[in-house]
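Shown next, in structure tokens, is the structure this report addresses.
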Amino acid sequence: MEHVLKVGIFGAGAWGTAIAKVLKEKGNDVDIWSFEEEVKDDINNNHRNKYLSGVTLPDGIRAFTSPEEAAHSKDFLLFVVPSLFILDTVKKILNVANVREGKALIGVFTKGFIETDKGVRLLTDVLESYLPGFYTGNLVYISGPSHAEEVARGKLTGLISASRNGKNAIKFRKLLSSDKLIVFPSLDVTGVQVSAALKNVIAIAFGILDALKEFSDNFGDNTESLLLAAGLNEIQILGQALGSTHPETFTSIAGVGDLDVTCRSKYGRNRRFGREIILDNVLKGFKNITDLVSRLPELGYIPEGAVATRCAHKLSIRYKLGMPITNGIYRILNREQEPVDELKKILSRLSKV
């Protein structure tokens with residue numbers, strides 16, 4: 001009889017809940033940590049989650065608001081919380097025995113960067129500096145074009161499991177793979193992380209453009225493809241600057257695949273945010289990008305691209321990189337320029353890169 005794996009998932013949003021559903025349906029023992037008491041109770045009592053509407057969860061998924069309980073005695077720990085909160089969440093389970101002793105394999109699904117006293121850093125780099133030494137070089141980063149709404153409904157989806165430790169990447173591949181979830185291993189943990197973070201910035205620009213198409217004859221499908229291709233170029237430029245090891249990462253599902261679905265899908269939160277900048281003037285209540293990031297939950301959803309924009313802008317300055325889309329979106333979110341005027345400037349700058 002095959003060993004039943006014990007999995008703890010941190011983050012009871014749509015994506016964390018979708019992963020919990022997939023893993024439970026595979027026969028694993030699944031616990032999920034929720035920051036919200038209401039969400040925990042709804043999962044436990046009603047087998048549903050407001051963040052994943054219309055989906056019934058399988059019996060046996062247990063939700064907790066105690067991080068220690070969700071982490072206790074697990075074979076795998078999966079972090080699916082927003083980038084703003086991931087470090088604080090990890091700190092809460094450092095003294096759990098299986099983490100302290102390095103027995104639990106840890107996977108990160110969060111997309112973004114972390115700002116530290118030493119500057120902007122990749123998620124896995126920061127987490128490794130807090131976790132016990134066993135985890136250095138052994139964390140696994142999972143990404144790909146994977147909207148939770150479709151994964152939870154069994155739509156065929158591809159993911160990439162990346163780690164400097166190839167064996168750990170394979171272990172997560174085995175954990176996650178099913179007839180509806182195809183998982184590919186990778187050693188390029190840097191390239192995959194940069195692709196995951198920066199595609200959300202490009203998606204904000206795409207959303208702005210998408211909204212403007214409704215009012216202007218100057219923009220169309222051709223313009224969107226121009227922006228998409230230039231966005232992929234920026235992802236590759238930043239990825240190479242930070243030490244990506246495999247150029248093919250950017251033409252894989254981790255790069256162009258995730259960028260495409262994030263920009264074009266109706267489920268994309270960052271695309272939605274970009275559209276709301278134009279259609280609802282959603283930035284009017286914020287002074288600048290710092291104010292926006294500090295109050296991001298007030299939007300009712302978390303567009304990770306807003307946080308990533310500030311981080312990527314700082315990285316572009318540090319490494320002296322030409323990133324017109326990223327820096328243009330920064331000026332928009334920082335209330336330095338009007339969105340329509342700045343988008344036109346972004347598109348005009350693309351020919352000079």
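Looking at the range 255-270 only, could you name the residues that are in a helix (DSSP H, G or I) and either over 21 Å from GLY239 (Cβ atoms) or charged (D, E, K, R) (or both)?
ASP258, ASP260, ARG264, ARG269
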task: Determine whether LEU315 is at pLDDT below 95 and buried (at least 16 other Cβ atoms within 10 Å of the Cβ).
output: no
message: Please determine whether any residue of the range 70-79 is open to solvent by 10 Å² or more (accessible area, probe 1.4 Å), touching a strand residue (DSSP E or B) at 6+ places or on another chain (Cβ under 7 Å) and hydroxyl-bearing (Ser, Thr, Tyr).
response: yes
query: How do the pairs read when you match residues in the range 304-330 that are without any contact (Cβ under 8 Å) to a residue 40 or more places away in the chain with residues anywhere that are aromatic (Phe, Trp, Tyr) and open to solvent by 10 Å² or more (accessible area, probe 1.4 Å), using Cβ under 7 Å and keeping only pairs 6 or more apart or on different chains?
result: HIS313/TYR330
message: Just to check your reading of the model, which residue among VAL120, VAL126 is in a strand (DSSP E or B), more than 21 Å from GLY13 (Cα to Cα), open to solvent by less than 30 Å² (accessible area, probe 1.4 Å) and in contact with a strand residue (DSSP E or B) (Cβ under 7 Å, 6 or more places away or on another chain)?
response: VAL120
- line: Of those in the range 13-67 that are acidic (Asp, Glu) and surrounded by fewer than 18 Cβ atoms within 10 Å (Cβ to Cβ), the residue farthest from the chain's Cα centre (by Cα) is ASP59
- request: Have a look at ILE43, ILE61, ILE19, ILE86 and point out the one that is more than 21 Å from VAL140 (Cβ to Cβ), in contact with a strand residue (DSSP E or B) (Cβ under 7 Å, 6 or more places away or on another chain) and in contact (Cβ under 8 Å) with a residue 40 or more places away in the chain.
  value: ILE61
field: Tally of residues being touching a Gly at 6+ places or on another chain (Cβ under 9 Å) and either open to solvent by less than 70 Å² (accessible area, probe 1.4 Å) or of a type in the set (Gly, Ala, Ser) (or both) across the range 247-290
entry: 21
task: Kindly indicate the residue of the range 1-50 that is out of contact with any helix residue (DSSP H, G or I) (no Cβ under 9 Å at 6 or more places or on another chain) and part of a helix (DSSP H, G or I) and also nearest to ASP179 (Cα to Cα) among those meeting that condition.
output: GLU25
query: Given the conditions (1) open to solvent by 20 Å² or more (accessible area, probe 1.4 Å); (2) under 13 Å from GLY16 (Cβ atoms), which single one is not true for PRO132?
result: (2)
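The values are calculated or read from the model by the stated rules, or taken from the named source; none is laboratory data. Because the structure is a prediction, the values reported are computed rather than measured. Note that we place each Cβ from the backbone using ideal geometry, even for glycine, and neighbour counts take in every protein chain shown. Please note that ligands, DNA and RNA were not included when accessible areas were found on the heavy atoms of the full protein model with its side chains. Shrake-Rupley method; radii C 1.70, N 1.55, O 1.52, S 1.80 Å.
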